[in-house]
Amino acid sequence: MKYDFTGKIIVITGGAGGIGSHLARDFSSKGATLVLLDVSQSRLDALLPSLTGEGHSTIAIDLTQREEIKTALNSIEHKYGRIDVLIPNAAITTTDRFDERSLESIEYELDINLRSPLAIIHGAIPLLKKSSDPRIITTVSLGGIFPLGETPLYTISKFGLRGAMLSLSLDFAAKGIKAGSIMPSATDTPMLQREAVEGGNSLQFMDPPQKTDDVVKAFLKMLDKPRFEVYPKVSESWLVRFAMLFPSQLPRLMPLFVGKGNRGHKRYLKELETRGIARQVNGLWEIIE
């Protein structure tokens, strides 16, 4: 059966970002009421007029501040009374190596990508229980299965979030809350575009980055037929899962992946240049602001 969006209250963190904004537009066109949380009020203001229907709202929030999460949830309770679908989607990544960055930056990335999703899920449970069909769907990543040495903190946080969601899915199933995760590979969003320009993780470019619409379709699959995990690119999911059956062989396998990824990375940069998103200046790539 197709999920009925009509009148559903759907909360999305990172709601003004690449994936979050596409989810918001699609869900609102199907009759849902959106509550979008994002660190940037200006991006939220720019997105809101593009949503179909009425009753949507936005909340500018720093997810590392637990009081701000609590205030946001209180606001949602006061205005809507419940949450039908919670989508902890916000995430960040950098190309800084683990041994070259500050402890504060390590803690910050872990907070955004791992601790804040768990914090908002924990705080939202009373509102989810007021729904007749409560759902939680997190945006994880194939980086939660396969180690990405060039972006270690992203991998660490996504490994943690995937494990957390598998555990919570088992726990919540007996409590009437359906929980699961979407496991996208590299997706053509502003975050990936910037990462590609800054160096990025070559493994993400073994295949051309998927479109945001592919990730939206994965969310729709999850809503139509709840399960623990959905992979937008099934072929890639089998590849990384097979590779992880033999983790001790990764040093031998990695050069094969990296070589293909480096070639794909170069193709993607040229594509961004053609699209007017990036350019090369004195041999260095940069985003065209």
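Sub-6 Å Cβ pairs linking a first residue in segment 1-17 that is of a type in the set (Val, Ile, Thr) and at pLDDT 95 or above to a second residue that is buried (at least 21 other Cβ atoms within 10 Å of the Cβ) and part of a loop (DSSP other than H, G, I, E, B), at least 6 apart or interchain, are Ile9/Ile83; Ile9/Asp84; Ile10/Ala32; Val11/Ile83; Ile12/Asn89; Thr13/Pro88; Thr13/Asn89; Thr13/Ala90, ordered by first then second residue.
When each of Asp207, Asp188, Asp214 is tested for being surrounded by fewer than 20 Cβ atoms within 10 Å (Cβ to Cβ), closer than 30 Å to Arg267 by Cβ and under 14 Å from the mean Cα position of the chain (by Cα), the lone residue that passes is Asp214. In summary, Thr138 fulfils each of the numbered conditions (1) more than 17 Å from Ala174 (Cα to Cα); (2) at pLDDT 95 or above; (3) more than 15 Å from the chain's Cα centre (by Cα); (4) not in a helix (DSSP H, G or I) with the single exception of condition (3).
Here the condition is being under 23 Å from Tyr3 (Cα atoms), among the aromatic types (Phe, Trp, Tyr) and buried (at least 16 other Cβ atoms within 10 Å of the Cβ); of Tyr108, Tyr80, it holds for Tyr80 alone. Would it be correct to say that Leu256 is in a loop (DSSP other than H, G, I, E, B), free of Cβ contacts under 8 Å to residues at least 40 places away in the same chain and loosely packed, with under 13 Cβ neighbours inside 10 Å? No. In the set (1) under 16 Å from Ile137 (Cα atoms); (2) touching a strand residue (DSSP E or B) at 6+ places or on another chain (Cβ under 9 Å); (3) not small (Gly, Ala, Ser), the condition left unmet by Pro190 is number (1). As an exercise: evaluate Arg115 against (1) among the basic types (Lys, Arg); (2) more than 20 Å from the chain's Cα centre (by Cα); (3) assigned to a helix (DSSP H, G or I); (4) under 24 Å from Asp171 (Cα atoms) and give the number of the one condition it does not meet. Of everything listed in (1) among the basic types (Lys, Arg); (2) more than 20 Å from the chain's Cα centre (by Cα); (3) assigned to a helix (DSSP H, G or I); (4) under 24 Å from Asp171 (Cα atoms), Arg115 misses just condition (2). Residues in segment 56-75 that are part of a helix (DSSP H, G or I) and in contact (Cβ under 8 Å) with a residue 24 or more places away in the chain: Arg66, Ile69, Lys70, Ala72, Leu73. When residues in segment 1-43 are screened for being over 14 Å from Phe219 (Cα atoms) and within 16 Å of the chain's Cα centre (by Cα), 10 of them pass.
The values are calculated or read from the model by the stated rules, or taken from the named source; none is laboratory data. This one's a predicted model, so the numbers in the text were calculated from it and none came from an experiment. Glycine gets a Cβ as well: all are built from the backbone with ideal geometry, and neighbour counts include every protein chain shown.
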